[in-house]
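The values are calculated or read from the model by the stated rules, or taken from the named source; none is laboratory data. Nothing here was measured: the structure is a model prediction, and the numbers come from that model. Using ideal geometry, Cβ is built from the backbone for each residue, glycine included, and neighbour counts are taken over all protein chains shown.
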Amino acid sequence: MATQQTALSASPPKAERRDATRIIGQFAPLIFLFVLIVIFAIATEGRFLNPLNIFNVLRQVSITGMIALGMTFVILTGGIDLSVGSLLALAGMAAAIAFKGTNQNTLSLETTDAVGLGVAGAAIMAMLVGTAGGFIQGFAITRLGIPAFIVTLGGLTIWRGLTLILSNGGPISGFTPDYRYWGNGLIELPWLTELVQSRVAIGIPIPVIVFLSFTILAYVVLRYTRYGRHVYAVGGNPEAARLSGLNVKMITLSVYMIVGFFAGLGGFVLSARLNSSEAVAGIGSELDVIAAVVIGGTSLFGGEGNVLGTAIGALLIGVLVNGLVMLNVSSYIQQIIIGLIIILAVAFDRYVKSRRRA
């Protein structure tokens, strides 16, 4: 009897430890983000918290964040897409050609006449190209049975090569103000500009608004729709999902189309921001996108995660890079730090899961 009482009294602390581990695992990205902001604010003597710098960070992470939203859908199903950077470049180039009505290279950033489909047509073209690229890769994965890693690794070079062919190896530059607005436009906040006595107008960048809008939409889809539940089910146990009547192949195909759509959107916004579409755009962005998703708490093994965590993960990377730049840390060291954070994030994810099972 005494032994049973001892065992019962020992159970609550163990349960509390499991709950604490779960809570820390759920909010770790947010906690780490807050800690980073405090550290950089102190280290830069408050310069990091300047509203101009904060909005600059938000603008920088918005394009990576958009693509990371789509990557969240893919990784939730247990897949991966290594081609998003190349697909971004292809979509951005397609947008430029659609807007200009020509693929003639233009090195000058000065505005030139556009005889193509206009801004709306260019944006639609970019998103169609991205979605089509995602469909092709999803088809190869689901119908031909080729592993996602191999398909998207091949896509990484194929889409880059197509971009070079489309562009004749050079950039297409010099867009009109209404095109550039989608990358550099602001919703100005005069009261904030006056408050900090800035000589430059302060406001919310348009890419940030686009990113936040799609974040909310993706969150609603994953959290409150049947399709969202199906995505989680496929990632949790594909065979069980199939036996329960879900069309696993169609769901898998759809998530690659979704990430392709976001790569296309990102390509359009990036070209508007840079006032140029270039074949080298997006090189290496796969690392940042996957890092944002993993750091945000989405499991690489599928079935767990959410887009709010991804948004925080993208912001965390942006804050980290911006703070390191302000502290004059070498870009080489920045890459090492981001790589280490990815490894630690995955290690922590596995640790939390093992604690739950225990």
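Out of all the residues in segment 139-149, is one or more under 21 Å from the mean Cα position of the chain (by Cα) and in a helix (DSSP H, G or I)?
Scanning segment 139-149 turns up at least one residue that is under 21 Å from the mean Cα position of the chain (by Cα) and in a helix (DSSP H, G or I).
All but one of (1) of a type in the set (Val, Ile, Thr); (2) modelled with pLDDT under 95; (3) part of a helix (DSSP H, G or I) hold for Ile283; which doesn't?
(3)
Just name the residue that is nearest to the chain's Cα centre (by Cα) out of those in segment 111-138 that are within 20 Å of Ser86 (Cβ to Cβ) and among the β-branched types (Val, Ile, Thr).
Thr131
When segment 290-333 is examined, which residues are found to be more than 22 Å from Ile37 (Cβ to Cβ), outside any loop (DSSP other than H, G, I, E, B) and not aromatic (Phe, Trp, Tyr)?
Ile290
Could you grab me the full set of residues in segment 30-79 that are charged (D, E, K, R) and more than 24 Å from Ile206 (Cα to Cα)?
Correct list: Glu45 only.
Can you tell me which residue is nearest to Leu88 (Cα to Cα) among those in segment 40-64 that are among the small types (Gly, Ala, Ser) and in contact (Cβ under 8 Å) with a residue 24 or more places away in the chain?
Only one residue tops the list, namely Ser62.
Would you call Thr163 over 23 Å from Asn275 (Cβ atoms), among the hydroxyl-bearing types (Ser, Thr, Tyr) and either surrounded by 20 or more Cβ atoms within 10 Å (Cβ to Cβ) or more than 22 Å from the chain's Cα centre (by Cα) (or both)?
Criteria not met by Thr163.
Among the aliphatic types (A, V, I, L, M), buried (at least 19 other Cβ atoms within 10 Å of the Cβ) and over 25 Å from Leu88 (Cα atoms): which single residue out of Ala233, Ala292, Ala263, Ala240 fits that description?
Ala233
List the pairs whose first member sits in segment 118-145 and is without any contact (Cβ under 8 Å) to a residue 40 or more places away in the chain, whose second member is acidic (Asp, Glu) and in a helix (DSSP H, G or I), and whose Cβ atoms are under 9 Å apart, counting only residues at least 6 apart or on separate chains?
Matching pairs, first to second residue: Gly118/Asp178.
Six or more apart or on different chains, Cβ atoms under 6 Å: show the pairs whose first residue is in segment 168-193 and under 18 Å from Ala96 (Cβ atoms) and free of Cβ contacts under 8 Å to residues at least 60 places away in the same chain and whose second is of a type outside the set (Phe, Trp, Tyr) and surrounded by fewer than 18 Cβ atoms within 10 Å (Cβ to Cβ).
Going by the 6 Å Cβ cut-off, there are no qualifying pairs.
Which of the residues that make up segment 213-229 are of a type in the set (A, V, I, L, M) and either within 16 Å of Gly65 (Cα to Cα) or outside any helix (DSSP H, G or I) (or both)?
Hits for segment 213-229 are Ile216, Leu217, Ala218.
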